[in-house]
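Here the structure is laid out as C-alpha cells; the discussion comes afterwards.
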Amino acid sequence: MPDNLPPAFVAYPHLPGHQLVSLQGADAAAFAHAQFSSDVTALPLLHWHWSAWLSAKGRTLAVFQLLRLAEDHVMLVLADGDADAIASQLQRFVFRRKVKVQVRADLAVTGAFTAPEAASGAAIALAEGADWELDLGSDALPRTLRIGAPDAAATEADAAADTFALAWRQADLRFGLPRLDASQREVWTPQQLGLDRLNGYSVKKGCYPGQEIVARTHFLGKAKRAVQLLHTAAPAQAGDTVQQDGAALGTLASVAADLALAVLPLETSDGELQVGGVAAQRVPLLDGLAR
C-alpha cells in the first residue's frame, strides 16, 4: 500500500446500509434452518452462504448473508438494513426455542474492493482489525467484507463514503445480488430474483415459510421470469416499468444509479428495451458470488 495516502484514507470504509442480527443459543441453527430458505444445518462452522426470509406465499422479505460462526451462533448480514423490524418479527417465532435474537449495533460492517487476506469462497477467516473477514467477490471483481468493532474514521459519513456505498451496491447488482428497497419486499419469489444463481434457497431441506411455493415452482418448471441486468440511460427507481415495443414487459426490482436488476420474462425477443421512455441496454451478469 502506498505511504503517501491522504490522512482521511480508510482502508475499509463503513457500509452504512449494512446491519447485523445475531441468533445465539443452543437452538440457533435449528431456528434459522426452520425460518430461512437455505440449508443452515448443512453449513459447516465458520462458513457462510446466501439465504432469504420468505412470506408464507413464497415472496422475498429479505436477502442476506448467513454466517455460521459457532454451534450456538448464527449471524445475518442485512445489506438492506431493517434489522430492528426483522429481529422483532423473528422474535415472534421463537416460542420455547433456546435462542436469543439480537440486533448487533455494537459491530460495524466495512468493505474493500480488494481480495481478502485470509477468507476464501464460503470460508470465514479472522483478520487483523476485525472479528470476521468474508470473501464477497470473484477473480473478475474482488471484494472483502469485514465485521468488527466500529472505527470512528471508517464510519464517518461524507461524500466519499456515499460514493463507496453506491459502488458497492452497483457491484452487488453486477453479480445478480438483489438489493431490495422497502417497496420491493414481499413482491418477488426467490426464482424471480435469481437466488438460484447464488444457491440462496433449498428445495430439499424440508419446511420453512414459503417452501411449498418455492419447491412447486422448481419441480414443475413454472418459473417464467428472472433477473436481467440493465444499464439505464434515464434516471430510474425500483418499481419502474420496463417496456418493449411500447408494451410493459417487466419491472425494475433493484436500482443503483445507472444499473438496475429487472425481472423480465425468460422468453422474450432481443428487441430494444426502454425504461422511462429511454433505451436500456442489457448487460451480462458476473458469476462467482454463489456460495
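All of the numbers you see were taken from the coordinates with simple rules; none came from a lab. This one's a predicted model, so the numbers in the text were calculated from it and none came from an experiment. Heads up, the Cβs are rebuilt from the backbone with ideal geometry, glycines too, and the neighbour counts pull from every protein chain shown.
Overall form of the range 61-106: oblate. Here a/c, set by the Cα gyration tensor axes a ≥ b ≥ c, is 1.5 or more, and a/b is not larger than b/c. Loop-located chymotrypsin sites (Phe, Trp or Tyr not before Pro) in the range 35-133 (DSSP state not H, G, I, E or B) with no more than 10 neighbouring Cβ atoms inside 10 Å: F95.
Full extension of the chain between S138 and A233 yields a length gain of 31.5 nm, computed as 0.36 nm times the residue separation minus the alpha carbon distance.
In the chain, Cα pairs under 8 Å separated by at least six residues give a relative contact order of 19 percent. Rg/Rh, computed from the Cα trace of the range 211-280 with Rh as the Kirkwood radius, has the value 1.04. In terms of overall dimensions, the range 1-132 has a Cα radius of gyration and Dmax of 16.1, 57 angstrom.
Per the Kirkwood formula applied to alpha carbons, the range 202-244 shows a radius of gyration over Rh ratio, Rg over Rh, of 1.17. With the cut-off at 1.5 for a/c, could you classify the range 155-251 from its C-alpha gyration tensor as rounded, prolate or oblate? Oblate. For the range 90-208, the spread of Cα positions along the three principal axes, ordered from largest to smallest, is 42, 34, 31 Å.
For the chain, the 222 nm mean residue ellipticity estimated from helices alone, with every DSSP H stretch of n ≥ 4 adding -39500 (n - 2.57) and the total spread over all residues, rounds to -4500 deg cm²/dmol.
Percent of C-alpha pairs per 5 Å bin in the chain, short distances first: 1, 5, 12, 16, 18, 17, 14, 9, 5, 3, 1, 0. If you take the Cα centroid of the range 109-127 and the Cα centroid of the range 198-255, the two points sit 29 Å apart.
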